[in-house]
Amino acid sequence: MSSILEFFKVANMAFALPSAILFLGTAVFLTCKTGFMQIRGLPRFFRILRKGVAESPHDAKTLSSSHALFTAMATTLGMGNIIGPSVAILTGGPGALFWLVAYAFFSSATKFTEVTFAIRTREFTKDKRIVGGPTEYLSLVSRKLGVWYGLLTMILFPGWTALQSNTLAEILSYEGVPTWVTGIVLAIILLFIVFGGISRVGAVASKLVPLMFVLYVSFALIILLSNVHLVGVAFKLIFSHIFTPCAPIGAFLGATIYTALRSGVYRGIYITEAGIGTSSIPHSLADVKRATDQGILAMFSVAADATLSVVSGLLVLITGIWFKTKFFTAALMYHVFTMHSPHFGKYVLIVSVSLLVFTTILGNSFNGIQNFSTFFRYRGIKFYYIFLAILVFLGAIAHVRMMWDIMDIIMTFVAIPNLIGLIILSFTHGKMLKE
């Protein structure tokens, strides 16, 4: 087993830097190709928030624009936003947090491109269901790219779902809740929601996502404001180690410039999903008349990911925990919160994490269902629901440390056809990005 663990660890390290450069390079390219849409689109974003979006005239089974947005955000606002920054800092030093935010800024153009193409290329089945996402728009480049992407995401989504349930089960186990109980409860709730259809998924996500975001950020800001004298020190650490190697301190083993870049960008990829294309799947169901409207909404959802990640990263830096421990599991943030508020803090974290993990499970399951439907046109979909519930339960009771490295490698291979396709489509079908 140890040799298998070492293999995936080495393989993950080998792929991480080249893939980080590929992701960041594509994000910068699409930012230029769209004329810095993340800046130009800001007035339009506020106009959409104020007036809403124009709905499409068809009567297919869709989600409202806001429900599609929150369903997509349910997959990106998760444990990655809490643990991801700490992983980036512990493996790449404080400077990694800068690269995480830098990737979030540039990759918002990537997300705009993905979502716009997804809506422009979506198809309608005979029973008025929508099939959309990377599998569809990649087929404009090559059917093989679409199939490659679709088959790998059938592995990726269930794997992500199992990892999320394992994270929640681990945290609740600190409070005496058996992991199998967590698994059963999550599986039952998931089945109840997915059997209710896409409208129920969207309705649940639209209520839980804002709640979990406000709850976690509010309490985290209270901690930061109560230690405001250390926030400046934290930012100094971040900016002083963007291009400067970070020497070993305590349990921290040190980091080079390349390590900071790799760690920051790679965690940014996992947190935002920009470049992977997965978040465009629920967006493709949005009931909108103009595809670019939904693209702009999706683009600025990355800001929520970045905000949550920066807050989590600052919490790690001001406590000094990043050079006192080599662990970066869910227990790390549990320790950070209980350090500042021994009684109330852990309950805020438990509630926040429970909502974050559950909505991520919900969002990933939803994406897996839509991807399954792309290949099988909704045939046998109920069996897939049950399959997802079983994986949620197994993930809660399993030891899945090796799966993190496996999922990172699969994520890279999922993204390769998507990134290639986006670059090609930006030339061959660039008009789709303009309305």
### Backbone N within segment 347-369 under 20 Å of label point (7 Å from Ser218 Cα along the Cβ vector)
347-359
### Task
Report the extension gain between Val10 and Lys289 in nm, rounded to one decimal, defined as 0.36 nm multiplied by the number of residues separating them, less their alpha carbon distance.
95.8 nm
### Query
Here are some pairs, Lys144/Lys289; Lys111/Lys382; Lys128/Lys289; which of them have Cα atoms lying more than 26 Å apart in this structure?
Lys144/Lys289; Lys111/Lys382
### Message
Given points 7 Å out from each Cα along the Cα-Cβ axis, report the Lys144 to Ser173 separation in nanometres with one decimal.
### Response
4.4 nm
### Task
Using only Cα atoms, locate the centre of segment 403-435 and the centre of segment 10-34, then give the distance between them in Å, rounded to an integer.
11 Å
### Task
Provide Glu136, Glu170, Glu273 in ascending order of the number of other Cβ atoms located within 10 Å of each residue's Cβ, fewest first.
Glu170, Glu136, Glu273
### Likely footprinting exposure, Arg143, Arg50, Arg44, fewest C-beta neighbours within 10 Å first
Arg50, Arg143, Arg44
## Note on the structure
Amide H proximity to Ala286 below 5 Å, modelled H, separation 5+ or other chain, gives Leu63
### Query
For His429, His343, His283, what's the fewest-to-most ordering of other Cβ within 10 Å of each Cβ?
His343, His429, His283
## Note on the structure
Extension length gain for Phe243 and Phe387 (0.36 nm per residue less Cα distance), in nm, is 47.2 nm
### Summary
In debye to the nearest 20, the charge dipole size for segment 88-172, taken about the Cα centre with +1 at each Lys and Arg Cβ and -1 at each Asp and Glu Cβ, equals 400 debye
### Summary
Sorted on mean Cβ neighbours within 10 Å (highest first), peptides 285-296, 27-38, 231-242 come out as 285-296, 27-38, 231-242
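Here, each number is a calculation from the coordinates, and none is a lab measurement. Note that this is a predicted model, so its numbers are computed, not measured. In this analysis, Cβ positions are derived from the backbone assuming ideal geometry, glycine residues included, and neighbour counts consider all displayed protein chains.
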